[in-house]
Amino acid sequence: MEAENCTKSSEFLLLGLSENSELQPHLFGLFLSMYLVTVLGNLLIILAVSSDTLLHTPMYFFLSNLSFTDICLSTTTIPKMLVNIQTQRKDISYRGCLTQVYFSMSFAGIDHFLLTVMAYDRFVAICHPLHYMAIMNPCLCGLLVLITWLIIFWVSLLHVLLTVRLTFPAGTEISHFFCDLPQLLKVASSDTFINNIILYVATALLGVFPVTGILFSYSRIVSSGMRMSSTAGKYKAFSTCGSHLCVVSLFYGTALGVYLSYAVTRSSQGSSIASVMYTVVTPMLNPFIYSLRNKNMKAVLERLLRRPTFCL
C-alpha cells in the first residue's frame, strides 16, 4: 500500500522524440507551427459550417464534429510537449499522464467512429438519394454523434480505471512524447495481463466494426456508381467521396503504421514518430483536404475570408 501511494503521487518522464539538445528548438518551432495551423484550420471549418446555410447538411455537420475532435486531439498532446521543450523538462504528473491517456484515446476513437458515420452518410446520399433527407434527419445525426462520444468515453474510462490499479517504479521513463497507453503498460512494475487483454479486445471490436462499416458503405457506393449510365453522374457521385476517402486513407494508414512499426521493430522511437502522423499531421491536413477538394466549402471559406473587418 505504501508503494502504491508513493507511485500515485509520483511523476513520469516523457523522453520525447529526441534527446538531442540541438534539435529541441527546431522541434519546438515545427510542432508549434503545426499546432497553430491545426487549430486555425479546423476552427475555420467549424466557423464556415456554422455561419452559412449552404453547409447546413448532415455531411458538413459530421465534418464540423471531426474538426472539433481534431483540435481536441492535438491539444491533448502537443501543448505539454511544447512546455517540456521550452522549460527543458521531461516530467508529467501521475494524474496528468492518466488524463492524457484518457483524452488521447477518446478523441482518437471518436475520429475513428466519425469517419465511419461519414461513410454511411455518403452511402445513403448516393444509394438512396430520394430518401436522403428523411433518413439522415437532424435527430439521427445528433444521435449518431452522441452515441459515438458515449461509447468511446466509457471505453477510455475503463482503460484508465484498470491503469489506476497498476504500480510504477519511481522516475519511470516513457519513450514517447505523450502518455500513450501501450507505452505506459510496458513500463508498469505490476502485472498488466488484464489490461493488455482488455486493450486488445477493445481495439479489435472498436476497430473491426468501423472498418467493416466503411468497407461495406464504399462497396455499395461503387456498385451503385457503376450502374449509372451517365458519366457525369458517376463523376459527381464519386467526387463527393474523394475528400472522405483521402482522410480515411490518411488516418488508417498512419494508425496502422504506428502498430506495424512497434510490432515489427519493437522500437519505441519508431512508434513515437509514427504516432506523430495520426495525432499531429492528420488533424492538420484534414481542413486542407476538405477545403481544397470541396467546391461548396471552398466557396464559403472564400466569402468568409473576404468579409470586411471593422475596427473600433
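The values are calculated or read from the model by the stated rules, or taken from the named source; none is laboratory data. On a predicted model such as this, the values are computed, not experimentally measured, just so you know. A quick note on method: Cβ atoms are made from the backbone with ideal geometry, for glycine too, and the neighbour counts reach across all protein chains shown. Ligands, DNA and RNA are stripped out before the accessible areas are found, and what is left, the full protein with its side chains, is counted by its heavy atoms. Shrake-Rupley method; radii C 1.70, N 1.55, O 1.52, S 1.80 Å.
In table form, for the structure just shown:
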quantity	calculated
Some residue of region 67-85 being modelled with pLDDT under 95, open to solvent by 20 Å² or more (accessible area, probe 1.4 Å), not small (Gly, Ala, Ser) and not in a helix (DSSP H, G or I)	no
In region 108-150, the residues that are over 13 Å from Phe62 (Cα atoms) and either in contact with a Lys or Arg (Cβ under 6 Å, 6 or more places away or on another chain) or not in a helix (DSSP H, G or I) (or both)	Phe123, Cys127, His128
Matching residues, region 25-52, being open to solvent by 40 Å² or more (accessible area, probe 1.4 Å) and either among the basic types (Lys, Arg) or more than 14 Å from Ile78 (Cβ to Cβ) (or both)	Pro25, His26, Leu43, Leu44, Ile46, Leu47, Ser50, Ser51
Odd one out for Ala204 among (1) under 25 Å from Tyr290 (Cβ atoms); (2) modelled with pLDDT of 70 or more; (3) open to solvent by less than 70 Å² (accessible area, probe 1.4 Å)	(1)
Total residues in region 165-181, condition outside any loop (DSSP other than H, G, I, E, B) and either surrounded by 16 or more Cβ atoms within 10 Å (Cβ to Cβ) or in contact with a Ser or Thr (Cβ under 7 Å, 6 or more places away or on another chain) (or both)	2
Residues being hydroxyl-bearing (Ser, Thr, Tyr) and more than 16 Å from Gln86 (Cα to Cα) - total across region 29-51	3
